[in-house]
Amino acid sequence: MLDAEMFTPGPTHVPLGVRLASIAKLTHHRTPEFRKLYDRIHSGLQGLFGTSGQILVLPASGSGGMEAVVANVVGPGDRTLVLAAGKYGRRWAELCRTYGADVRVHEVPDGATFDAAAVEEEVARHRPLHLFLTHCETSTGALHDVRTLAGIGRRFGASVAVDSMTSIAVEAFHMDDWGVDFAVTASHKGLMSPPGVAFVAVGEHAWERVRPSHGYSYWNFHVLRASARDSTVPNTPANATLFAVSAALDAIEAESLAKVWERHAHAAAVCRAGVTAMGLELFPSAPPAGGLTAVRLPSGGRTDGLVNELYDRFGIRIAGGQGALKDKIFRIGHIGSVATLDLLPVLTALEFLLVERGLVDRPGAAPAAMAEAMWARLQQPAAV
């Protein structure tokens with residue numbers, strides 16, 4: 001399952017088992033059945049995040065999970081450094097300001113990534129209590145080096161929080177080994193499920209960074225952890241979505257996480273082969289992410305109407321740019337259950353529209369390049 005920002009080849013492109021799991025059965029969250037479901041999700045997500053820490057379950061979008069981290073970690077006046085290279089990096093800064101932090105933003109252009117030496121200089125100068133960053137910047141398609149950046153924060157004593165929304169079950173992520181204290185994802189990205197649940201992973205030694213509890217709050221990590229110890233949640237959960245997540249975890253584990261990562265990388269390579277064959281420019285100057293491909297049209301062409309026309313004429317949904325990138329780029333998702341072959345009709349239809357607009361010379365280059373990329377993989381020896 002992909003959210004509205006990503007490619008969807010049809011309205012039911014969620015794995016059948018996941019769709020059925022989300023509607024087949026419901027149970028109250030104070031029952032043995034729910035505790036079994038909770039434990040299964042908790043252990044499965046520990047594997048995806050790469051942590052022995054606690055996974056907290058919140059009935060919220062991914063942005064709700066981000067706010068929960070800020071609400072529990074950041075105090076008024078806390079020195080906070082945010083690494084921003086797009087809309088979602090800047091969202092960390094907005095949230096920290098809302099909660100009264102003394103926020104400094106180390107910003108690079110959208111689509112770029114961070115120079116480690118410059119970040120280290122900034123951290124050494126300001127000595128932040130908290131460092132916030134993004135793994136995959138969904139607004140640009142760029143992938144950032146969390147391992148290196150988190151290591152810088154930890155060396156200077158900062159807590160490290162990562163938006164890993166579009167990277168869990170897509171990219172390699174090793175939370176404990178990389179020194180990440182808090183990481184956030186949501187049900188509707190790599191977990192292939194309907195939206196409605198955010199997951200916050202709290203590292204085993206990160207609880208000392210969580211502020212003391214001052215009464216009840218919907219986001220209160222202490223309240224959430226108390227319920228988690230009883231394999232449940234303090235408030236009414238998005239039950240149907242949680243059953244879907246459980247089924248998605250079964251599918252991921254049956255395939256193996258390493259193969260899931262490799263599959264996303266291959267789908268990305270095939271998509272980019274088709275894009276470049278059309279003469280289009282891949283947008284991010286940073287290493288591109290495995291879950292989506294961001295594209296700039298040639299000669300300053302604008303994407304006005306392209307996203308809607310692709311859906312109206314072919315039933316295919318891609319996403320446009322956001323913020324300063326509106327009408328300047330479009331984004332194709334290849335995340336979760338999207339198979340490599342699913343991308344062929346997407347780029348074929350896109351190529352037709354671009355030929356009509358005079359931005360591509362003739363149709364056929366994209367599917368040919370994609371087929372060649374897929375064939376090359378088929379010729380590779382199978383991994384033992």
Lysine pairs in the chain with Cα distance under 29 Å, only those 8 or more apart or on different chains: how many are there? 10
Given a 1.4 angstrom probe, I'd like the percentage of the accessible area of the range 179-330 that is carbon and sulfur, rounded to a whole number. 52 percent
In nm, what is the difference between 0.36 nm times the number of residues separating Y218 and R377 and their Cα-Cα distance? 52.5 nm
Just name one of F330, V355, A150: the one whose Cα is farthest towards the positive end of the charge dipole of the chain (beta-carbon charges, Lys/Arg +1, Asp/Glu -1). A150
Determine the dipole magnitude for the chain: charges of +1 sit on the beta-carbon of Lys and Arg, -1 on that of Asp and Glu, nothing else is charged, the reference point is the Cα centre, and the result goes in debye to the nearest 20. 560 debye
Counting DSSP beta bridges with both ends in the chain, the antiparallel % (nearest 5): 60 percent
Full extension between E33 and R302 adds, at 0.36 nm per residue less the Cα distance, a length in nm of 91.7 nm
Relative contact order, percent, the range 190-270 [alpha-carbon distance under 8 Å, six or more residues apart]: 41 percent
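To the nearest 500 deg cm²/dmol, what mean residue ellipticity at 222 nm is calculated for the chain from DSSP H runs of n ≥ 4 alone, each contributing -39,500 (n - 2.57), summed and divided by the residues? Please report the intermediate quantities before stating the final value.
Numbers: 13 runs with 159 residues, N = 384.
My calculation for the chain gives -13000 deg cm²/dmol from helical runs alone.
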Could you give me the ³J(HN,Hα) list for the range 103-114, computed from phi with Karplus coefficients 6.51, -1.76, 1.60 and θ = phi - 60°, whole Hz, x at Gly and Pro? 9, 10, 10, 9, 10, 10, x, 3, x, 8, 10, 9
Name the residue, out of R91, R362, R331, whose mean-square fluctuation peaks in a Gaussian network model built on the chain with Cα pairs under 10 Å. R362
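Keeping all protein chains in place, calculate the accessible area per residue for the chain (probe 1.4 angstrom), answer in Å².
40 Å²
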Under 8 Å for C-alpha pairs, at least 6 residues apart: give me the relative contact order for the range 251-384, rounded to a whole percent. 27 percent
The range 94-129 to the range 255-330: how many Å between their Cα centroids? 28 Å
Dipole-positive endmost among T166, C136, L191 within the range 107-193 (Cβ charges, Cα centre): L191
³J(HN,Hα), Karplus 6.51/-1.76/1.60, whole Hz, each residue of the range 35-49, x for Gly, Pro: 4, 5, 4, 4, 5, 5, 5, 4, 5, x, 6, 4, x, 5, 6
Taking springs between alpha-carbon atoms closer than 10 angstrom, which of S167, S139, S299 fluctuates most in the Gaussian network model of the chain? S299
Charge context of T232, other residues only, Cβ under 14 angstrom, K/R +1, D/E -1: +3
For the range 76-186, what does the alpha-carbon gyration tensor say about shape, rounded, prolate or oblate, given a ≥ b ≥ c as the root eigenvalues, a/c under 1.5 as rounded, and a/b over b/c as prolate? rounded
By the Cα gyration tensor axes a ≥ b ≥ c (a/c under 1.5 gives rounded; else a/b larger than b/c gives prolate, otherwise oblate), the shape of the chain is oblate
Pick from M175, M278, M374: which residue has the top mean-square fluctuation in a GNM of the chain where Cα pairs under 10 Å get a spring? M374
Each label point is 7 Å from the Cα along the Cα-to-Cβ direction; what then is the distance between the points at K259 and R154, in nm? 3.1 nm
In degrees from 0 to 90, rounded to the nearest 10, what is the angle of the helix 62-73 Cα long axis to the longest principal axis of the chain? 30 degrees
Within the under-15-Å Cβ sphere about E120, not counting E120, Lys/Arg +1 and Asp/Glu -1 give a net charge of +2
At a threshold of 8 angstrom on Cα-Cα distance, excluding pairs fewer than six apart, so keeping six or more, what relative contact order does the chain reach in percent? 22 percent
Just subtract the alpha-carbon distance of W207 and A226 from 0.36 nm times their residue separation and send over the number in nm, one decimal. 5.6 nm
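The values are calculated or read from the model by the stated rules, or taken from the named source; none is laboratory data. If you're wondering where the values come from, they're calculated on a predicted model, not measured in any experiment. Glycine also receives a Cβ, built like all others from the backbone with ideal geometry; neighbour counts cover every protein chain displayed. These area figures cover heavy atoms from the full protein model, side chains too; ligands, DNA and RNA do not enter into them. Shrake-Rupley method; radii C 1.70, N 1.55, O 1.52, S 1.80 Å.
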